[in-house]
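Here is the structure we will look at, set down as structure tokens.
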Amino acid sequence: MTFKVFICWALMAGLLGIGNAQSDSYNFDNDAVDKPPAGFTSYSTGGGPAGKWLVKEMSDAPSGKHVVEQTDADSTDTRFPVLIADKGEYTDLDLSVKGKALSGKVDQGIGLVFRFRDPKSYYVVRANALENNFRLYRMVNGRRLQFAGSNVKVPSATWHPLRVGAKGDHITCYFNGKALIDAHDKTYTTGKVGLWTKADSVIAFDDLTVSRL
């Protein structure tokens, strides 16, 4: 490789992020059905019991046949079950998942957690199939505080892609491929990633993917 060719390759690699990004992806296809997924920890946040997260077979799974499902329909209104990936802490990130609301009378919240410090401290963006909205929250000392949002149709029993891009204090959230939230917040700078539901929401998730920026 000549020096000029190397310099061109290095510039392109820098622009494209080659060699800088680290990705982790979870599709649950190697996990046993009716068992919790490997490499994740379930936490109780807010009030009420922790969620019951189990791998399930689903014919319309976005990839393969396995998904992970929060199956416990405890109706405590301040209950926010989370499932957090044990591996990795992320500062600047690109995070995505596909989620489907299966049931829930109190709530049908499909949530994506990032910069998780502990069960009382994290960000979550969630789509709600009962309220037809998309909201961004910070959990501070166990209290959920909304600081951005958008109204949008969220049909139940339909797979929806959720995505978050976070760089420094700039957070952009996408629903069904559209950027609906553009916000700034400095509460948390780094942490783990995972999944979130609320109250009696029974939600299926697939293809959780995160990349460092």
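The values are calculated or read from the model by the stated rules, or taken from the named source; none is laboratory data. Just so it is clear, the structure is predicted and the values come from calculations on it, not from any experiment. Heads up, the Cβs are rebuilt from the backbone with ideal geometry, glycines too, and the neighbour counts pull from every protein chain shown. Areas reflect the complete protein model, heavy atoms only, side chains present, ligands, DNA and RNA absent. Shrake-Rupley method; radii C 1.70, N 1.55, O 1.52, S 1.80 Å.
Along the charge dipole of the chain, Cβ charges K/R +1 and D/E -1, which of Ser103, Cys173, Gln22 sits furthest on the positive end? Of Ser103, Cys173, Gln22, it is Cys173. Take segment 138-202 with all the other protein chains still there, run a 1.4 Å probe, and you get 47 Å² of accessible area per residue.
Using a simple charge model, +1 on the beta-carbon of Lys and Arg, -1 on the beta-carbon of Asp and Glu, nothing else, what dipole does the chain show about its Cα centre, in debye to the nearest 20?
Rounded to the nearest 20 debye, it is 520 debye.
Surface composition of the chain: carbon and sulfur atoms hold 53% of the protein heavy-atom accessible area at a 1.4 Å probe.
Take every Cα pair under 8 Å whose residues are at least 6 apart in sequence, average their separation, divide by the length of segment 108-213, and the relative contact order is 29 percent. Computed with a 1.4 Å probe on the full set of protein chains, the accessible area for Asp77 sits at about 90 Å². In a simple Cβ point-charge model (Lys, Arg +1; Asp, Glu -1; nothing else charged), segment 59-185 has a dipole of about 140 debye relative to its Cα centre. Across the chain, C-alpha contacts under 8 Å between residues 6 or more apart give a mean separation that, scaled by the residue count, equals a relative contact order of 28 percent.
Of Arg115, Arg143, Arg126, the residue with the greatest mean-square motion in the GNM of the chain, using alpha carbon springs below 10 Å, is Arg143. Projecting the Cα atoms of Gly39, Gly51, Leu83 onto the charge dipole of segment 37-83 (Cβ charges, centred on the Cα centre) puts Gly39 farthest toward the positive pole. Computed with every protein chain present, the accessible area of Tyr26 is close to 40 Å² [probe 1.4 Å].
Counting every pair of alpha carbons in segment 88-213, the share spaced more than 27 Å apart comes to 9 percent.
Beyond a 26 Å Cα-Cα separation, which of these cross-linked pairs lie in this structure: Lys56/Lys198; Lys52/Lys186; Lys100/Lys178; Lys98/Lys192? Beyond 26 Å: Lys52/Lys186. Positive end of the dipole of segment 53-203 (Cβ unit charges, origin at the Cα centre): among Val202, Asn141, Asn128, the Cα lying farthest that way belongs to Asn141.
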